[in-house]
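Here the structure comes first, spelled out in structure tokens, and everything after it is commentary.
No lab work stands behind these numbers, since they all come straight from the coordinates. Only a predicted model underlies this, so the values are computations on that prediction, with no experimental measurement involved. Positions of Cβ are generated from backbone atoms using ideal geometry, with glycine treated the same way; all protein chains shown enter the neighbour counts.
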Amino acid sequence: VRFLFSSALSPEALVINDPDFQHEDLNFLSRSQRYEQAIRKSSLMVMKLREHGIADPDEIYWFKSFVHRGRPEPLDLHLGMFLPTLLTQATPEQQDRFFMPAWNLEIIGTYAQTEMGHGTHLRGLETTATYDPATQEFILNSPTVTSIKWWPGGLGKTSNHAIVLAQLYTQGQCKGLHAFIVPIRQLGTHEPLPGITVGDIGPKFGYDEMDNGYLKMDNFRIPRENMLMKYAQVEPDGTYVKPLNDKLTYGTMVFIRSIIVGDSARSLSRACTIAIRYSAVRHQSELKAGEPEPQILDYQTQQYKLFPLLATAYAFHFVGAYIKDTYRRISGDIIEGDLSELPELHALTAGLKAFTSWTANAGIEECRMACGGHGYSRCSGLPDIYVTFTPSCTYEGENTVMMLQTARFLVKSYTQVSSGQRVTGMVSYLNDLSRQRIQPQHVAARPVTVRINDPISLVEAYKARAARLVEAAAKNLQAELNHRKSKEDAWNRTSVDLVRASEAHCHYVIVKLFTAKLSEISNAAVRAVMTELCLLYALYGISKNTGDFLQAGILTDTQVNQVNQHVKELLAIIRPNAVALVDSFDFHDVHLGSVLGRYDGNVYENMFEWAKKSPLNKTEVHESFHKHLKPMQAKL
Amino acid sequence: LAAPPHRSLQSDGVNPDLASERLTASFSVEKLTARLDGGAEHTRMRRAIVEAIESDPAFSRENQYFQSQNERYEAAVRRAVHLQKKMREMGWTENGPEIKYIYRWLSGDIAFLLHRVFMRSISVLGSDKQVAKWIPLATEHQIIGSYAQTELGHGTYLQGLETTAVFDIATQEFLLNTPKISAMKWWPGDMGRSATHTVVFAQLYVHGKCYGVHPFIVQIRSLQDHSPRPGVTVGDIGPKMNFEHTDNGYLMLQNVRVPRENMLSRFCEVQPDGTYVRWGSQKINYFTMTTVRISILSDEVILPLMKACTIAIRYSAVRRQSKLKPGEQEAKILDYQTQQQKLLPQLAAAYAFHFINIYLHELFDRGYQEIQGRNFDSLPELHAFSSGFKAMVTQYCTSGVEICLRACGGHGYSLLSGLPSLYTRVLASCIYEGENTVLFLQTARFLIKCFMAASAGQPIPPSVTYLSSAKPGKCPAKDKLDFLSPDVYLKAYEQMAIRSVTKLQHLIQSGAEKHEAWNQCTVQLVKAAQAHCHYITVKIFVETVEKLDNKAGIQKVMKHLCDLFALHGIFSNAGDFLYDGYLSGAQMDLVTASYLDLLAVIRMDAVPLVDAFDFTDKSLNSALGSYDGQVYQRLYEWAQKSPTNQQVSPAYGKYLKPLLQNRLSKL
């Protein structure tokens, strides 16, 4: 299966064996120590990248992910947002001033958008940038507590510049959000500049090594030339020049969300690797009286927890690759000015970002639970995977909001179909609805002859379910509109239905993409095992949502029984390949960071070795004995 | 009963967005609080105790989120020592009515909790002579105990434990050993650093014959200098997802000798000549272990969900986002249907579980009396109850707390919200005191047995008689309002539970649990147990609401919550209700409509309903969930206290400065 995953270069020799990148187990370090380690490694990394002459973005990505073992680090926002934003939104003159210093890390920047009181609703941001034509400067202010910039990574301690998003005021008018390059710390001393209050937002669930920060600005002045002016401009006299096209920003969002879909796949794969390997090592109870304790992976309940997640991890890999490829394919068109495919891709990736991150989030927890008590120890690596992954349900678009964006596109497509137009792409199944309209009620309940052993037939079943739920949501929305005046109100009162419709649509897309992938696999043995996983993914999804399939008349009670039965058969079929299927993800032990998930399976010895290094074990008798226990025993 | 100072409406500085929520309450918050406490006098006592603890700076948890594992452990030990002093000062005792409120407030953030388990196990398993010897020492903290059962390689399956205790007639001692690495004791709390003694569970060998797992009191550290005793290797198992303050430990024993009298011998004994004698019934012991599962529910499982709901719902009334109507202010996120759908079912579940917990305690009290009278008939039923409800409630509450966490967006991810710690604590409850899947299967085993007995015309316990009342039929509801009738939805739940069990017909007909057949059905068996517990929970909620006093609007608002809990369950498990056609597709649409309508109704009382839980700000310890709703100011103030802002990070001088000044090559 290995060939399904591309590995650009082997960074092992460069990073894993490099003594400079070694350090104590992060689980034993405090937040400050973890931050320090991360900064140390980032600094070294920059140096070594230059030393090895590595400049290709993919190679940098691999190198970085090995240095930081897939973990966040304080320069993430500098490399991932500050530099790219300069490239896309700065004028050539601004690039001359900022880009090379930033490339050489004399300037370290971050991207300050989110405020304490405002995240999702960008138009609600309160930070102001008021143009003063007398001095040709912008005056930046954080007028309220809620307007304090909050969360940007690398802002708390690391950066000396930030790209700040603020409401632009010029000639007495608000022109909406614009981006400004703001110096925040003194070069040389790293002290905050006068008018700037900056710091770390404190401990979080995860992201210990990241100095997520706050930023408050009081009448802080920056030159006019620090507004990013490739698109919108403010002229010296304060005249505002509008940008040409808004849709271009869609491209960046599609790209970032495609990365999150890939992250969902990777994080879930890591969790599955740990849980499945450990389940092969752990023995428990009796299946047959008198026999030795079986591997817990032989229990049906354990297989039922883990194998559908394994199938899901594979499904998400293919979805991530699909979005990335599609984005690459149409980004050429975008440069040419053809934006016709962008709205659908944008709508689709919003929903898929939400769908995959929600599923992976729950799946990682399921893997952890499947490891019993030891999954709860940090040595399992699973707590860390979870806390690092879970914010992706929130950042880059809160998931419920994302689902509703997809729903907006679905409703729009449905409306087009209703008015006699045809739609294309992933939503083309909606075209069929109009043809069925001649039949009385339950239009979506067209009898689908579902063959539960055939992935292609299951795609049809998912398609019918999506069509039914999109139609139901659109009709409920219309009914609310007929009752009420406000569009927003009607939308809000239908939003639960709308989210369900989006989920069904995304689920259909994933089953469809997974199924389509099968025919591309030339190796027969690999194709066979992937077909089993694809079937398991599709059938498990049905068994978890039988209500939708029964209610729409897509499946009968008997078929539901068959689906449940077939899921159980597939668990047994996949069982012999389970460990091989996670080995194929090819995570290096160092990257996996788990004692339970070690490739060699020597779990217990290494748990003991790990525990001996715990901070509480630094001395044989803990100081609390002398400080508290002994005096108490003496007094009582 | 006057409102306590922490929730006075007059107090200045309450965020107007939260104050306005309290003006429209349809019921009396004070009266509901008293109902939850079991009477106004309990509320008064609880508040007095909370006040006494909170006014004592030694119990402050102000810096908790900034502390390292070492600091958390030390603080927990300090608090435990201080609590002894405080209890003497206040005249509180271990057996007094105050104790549950004390520990509830401390919410487990204290050392020596396993010391209490150590004492309980000696009281239950020890002979009178052993109790007389050890309990006074433990009460006076002359010794500190732990409870060492779980091993590195064995948790759920007790018979599989590998630690050995071999009787040596010559010296009248037991020789304890850890024969291999997987036999090392692993996880016991208070053992890593604090305990001097522990109860070790080991396979007893006399004259080469194995008699199974027995408990032994073993001294592991010196009473003089606290160093490990010869042959003992003991330490902390390292950082976990939570419980940083607890020194969960490992223990390895190499030829450690304990006197014959250290085997706990209420039920069996090894006599000086090596004769093994067993006496009395272990059933009482078995009952005690069963009650532990129920005893954790209130404080360790349901309370975290109540706290999480309080934090998330108050925050959702303060947080504003996007506009619902053009030209208006941005809307409270609590006004979004999707936000209501996330939070309000969790709120309803918190109330449902509060009531099921009361019911379970009453059931177990009755059971205890019967057992005292040597009547063990109810034991299988009680065991099935404790297993199934422990599994269901922990699983539901864990997912509920996580939903609350994620419903608070980015700020929920900050430790300062209090939600990550609540989540990581409650989720441990899915594993300890019996892994949930294993527990569901135990309940399923009971259900199958009862169903078989019923089919054979034998009597079955009252809680499962419904299994024999299966009548095929259709739900009579015609309108969405029909689904607000408890009779209608209860019947639907009952039918669904019966179907889940009878679906396992082939297993039942095959006679019993042929191991392979059993393993092939476990996924369905778990579902059947869940369906049963879900049904009973709805049923108890309905019965509780019927008995409530119809004054002060309490019965009405509880009825709404009960309806919501029931309909949300149907909506979320639609397939199980549609299967067999008891509910039609059209009826399912009515359920959905009714369920969504309820969200808007309960929305109006959401904040008063969490206020009624009556948590003080200090016990919530959340920047998002405080009573006054001053979320942003508090978040900003607390963040500034973070050590990362107090100290100059060494990283700047060492790494950042050379980096910024582009002198990378000198690193």
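Rg to Rh for the protein assembly as shown: what is it, with Cα atoms only and Rh by Kirkwood?
0.95
Around B:MET263, under 14 Å between beta carbons, what's the net of Lys plus Arg minus Asp minus Glu among the other residues?
Spelling it out: positives minus negatives among the neighbours equals +2.
I'd like the distance between the alpha-carbon centres of the range A:77-95 and the range A:496-515, rounded to an integer number of Å.
That distance is 36 Å.
Placing +1 at every Lys and Arg Cβ and -1 at every Asp and Glu Cβ, with all other atoms neutral, what dipole size does chain B have around its Cα centre, in debye to the nearest 20?
Dipole magnitude for chain B comes out near 900 debye.
Could you list the square roots of 5 times each eigenvalue of the Cα gyration tensor of the range B:215-256, that is, the equivalent ellipsoid semi-axes, sorted largest first and rounded to whole Å?
After diagonalising the Cα gyration tensor, the semi-axes are 22, 12, 10 Å.
In straight Cα distance, which lysines are under 26 Å from A:LYS568, not counting same-chain residues fewer than 8 positions off?
Here the lysines satisfying the reach criterion relative to A:LYS568 are A:LYS288, A:LYS305, A:LYS463, A:LYS512, A:LYS517, A:LYS544, B:LYS449, B:LYS503, B:LYS514, B:LYS527.
Quick one: Kirkwood hydrodynamic radius for chain A, alpha-carbon pairs, angstrom, one decimal?
Computed over Cα pairs of chain A, the Kirkwood hydrodynamic radius comes out at 27.3 Å.
As I understand it, the dipole of chain B uses +1 on the Cβ of Lys and Arg and -1 on the Cβ of Asp and Glu, about the Cα centre. Which of B:ILE284, B:VAL591, B:GLY192 lies farthest toward its positive end?
Towards the positive end, the residue furthest out is B:GLY192.
Straight-line reach from B:LYS474: which aspartates and glutamates have a Cα under 15 Å away, not including same-chain ones fewer than 8 places off?
Result set, ordered by chain and number: B:ASP482, B:ASP487, B:GLU494, B:ASP576, B:ASP580.
Using the Kyte-Doolittle scale, which helices in chain B average at least 1.0 and also have C-alpha atoms spread 20 Å or more along the helix axis, with helices defined as whole DSSP H runs?
B:303-318, B:436-455
Rounded to the nearest 0.05, what FRET efficiency do A:LEU87 and A:SER457 give with R0 = 51 Å and r taken as the Cβ-Cβ distance? Could you check?
For R0 = 51 Å, the calculated efficiency reads 0.60.
Hey, what's the per residue convex hull volume over the C-alpha atoms of the range B:295-356, in cubic angstrom?
So the per-residue hull volume is 64 Å³.
Give the percent of DSSP beta bridges with both residues in the protein assembly as shown that are antiparallel, rounded to the nearest 5.
Of those bridges, close to 85 percent are antiparallel.
Short version: what are the Cα gyration tensor semi-axes of the range B:323-471, square root of 5 times each eigenvalue, largest first, in whole Å?
41, 19, 14
What does the convex hull of the alpha-carbon atoms of the range A:333-426 project to on average, in nm²?
8.3 nm²
Can you put A:SER159, A:SER522, B:SER594 in order of Cβ neighbours within 10 angstrom, beginning with the fewest?
In increasing order of surrounding Cβ atoms, one gets A:SER522, B:SER594, A:SER159.
If you average 1/r over all unlike Cα pairs in the range B:55-127 and invert the result, what Kirkwood radius do you get in angstrom?
13.6 Å
Take every residue in peptide B:413-420, count the Cβ atoms of other chains within 10 Å of its Cβ, and give the average of those counts.
If you average over the peptide's residues, the count of other-chain Cβ atoms is 5.
What is the sum of charges, Lys and Arg at +1 and Asp and Glu at -1, for the other residues whose Cβ falls under 14 Å from the Cβ of B:GLU546?
That sum, taken over residues with Cβ under 14 Å, equals 0.
Can you show me the helix-derived [θ] at 222 nm for chain A, built from DSSP H runs with n ≥ 4 at -39,500 (n - 2.57) apiece and divided by the number of residues, rounded to the nearest 500.
-16500 deg cm²/dmol, from helical runs alone.
Along the positive direction of the dipole of the protein assembly as shown (beta-carbon charges: Lys, Arg +1; Asp, Glu -1; about the Cα centre), which of B:THR394, A:GLN136, B:ALA456 reaches farthest?
About the Cα centre, the residue reaching furthest to the positive side is B:ALA456.
Using only the alpha carbons of the range A:100-222, what is the convex hull's orientation-averaged projected area in square nanometres?
Projected over every direction and averaged, the Cα hull of the range A:100-222 covers 8.3 nm².
As I understand it, the dipole of chain A uses +1 on the Cβ of Lys and Arg and -1 on the Cβ of Asp and Glu, about the Cα centre. Which of A:GLY213, A:VAL198, A:ILE542 lies farthest toward its positive end?
The residue sitting most towards the positive pole is A:ILE542.
For the range A:587-628, what is the convex hull volume of its Cα atoms per residue in Å³?
79 Å³
How much of the DSSP beta bridge set in chain A is antiparallel, as a percent to the nearest 5?
80 percent
Work out how far the C-alpha atoms of the range B:194-271 reach from end to end along every principal axis, then list the three figures in whole Å, largest first.
41, 30, 23
Let me know the charge dipole size of the protein assembly as shown about its Cα centre in debye, to the nearest 20, where only the beta-carbon of Lys, Arg (+1) and Asp, Glu (-1) is charged.
With only Lys, Arg, Asp and Glu charged at Cβ, the dipole is about 1040 debye.
Please work out the C-alpha center-to-center distance from the range A:589-636 to the range B:454-496 and express it in whole Å.
53 Å
Would you mind estimating how fast the range B:76-170 diffuses translationally, via Stokes-Einstein at 20 °C and 1.002 mPa s with the Kirkwood radius over Cα pairs, in µm²/s?
After rounding, the answer is 136 µm²/s.
Once amide H atoms are placed 1.01 Å from N in the peptide plane, what residues at a sequence separation of 5 or more from B:LYS240, or on another chain, have their amide H within under 5 Å of its amide H?
Here A:ARG378 satisfy the definition.
Quick one: net charge around B:MET289, please, counting Lys, Arg +1 and Asp, Glu -1 for every other residue with C-beta under 13 Å from its C-beta.
Taking every Cβ under 13 Å from that of B:MET289, the sum is +3.
What's the exposure ranking of B:GLU140, A:GLU365, A:GLU59, going from fewest to most Cβ atoms within 10 Å?
Final ranking by Cβ density, sparse to dense: B:GLU140, A:GLU59, A:GLU365.
Just how many % of Cα pairs in the range B:434-514 lie over 21 Å apart, if you round to the nearest whole percent?
Looking at the range B:434-514, the distances longer than 21 Å represent 39 percent of pairs.
Which percent of Cα pairs goes in each bin when the distances of the range B:127-197 are cut into 5 angstrom slices starting at zero?
That works out to 3, 14, 16, 18, 21, 19, 8, 0, in percent per bin.
Could you tell me whether the range B:125-256 comes out rounded, prolate or oblate from its Cα gyration tensor? Rule is a ≥ b ≥ c as square roots of the eigenvalues, rounded for a/c under 1.5, then prolate if a/b exceeds b/c, otherwise oblate.
oblate
Hey, fewest Cβ within 10 Å first, where do A:LYS305, A:LYS242 land in order?
Listing A:LYS305, A:LYS242 from fewest to most nearby Cβ atoms yields A:LYS242, A:LYS305.
Please work out the C-alpha center-to-center distance from the range B:595-626 to the range B:195-240 and express it in whole Å.
Between the Cα centres of the range B:595-626 and the range B:195-240 lies a distance of 46 Å.
State to the nearest 20 debye the size of the charge dipole of the range B:147-250 about its Cα centre, where the only charges are +1 on K and R beta carbons and -1 on D and E beta carbons.
140 debye
Classify chain B as rounded, prolate or oblate from the Cα gyration tensor: take a ≥ b ≥ c as the square roots of its eigenvalues, call it rounded if a/c is under 1.5, otherwise prolate when a/b beats b/c and oblate if not.
Oblate, since a/c reaches 1.5 and b/c is not below a/b.
With θ taken as phi - 60° and the coefficients 6.51, -1.76 and 1.60, list the Karplus ³J(HN,Hα) couplings across the range A:50-56 in order, rounded to whole Hz; mark glycine and proline as x.
Running phi through 6.51 cos²θ - 1.76 cosθ + 1.60 with θ = phi - 60° gives 5, 4, 7, x, 8, 9, 5 Hz.
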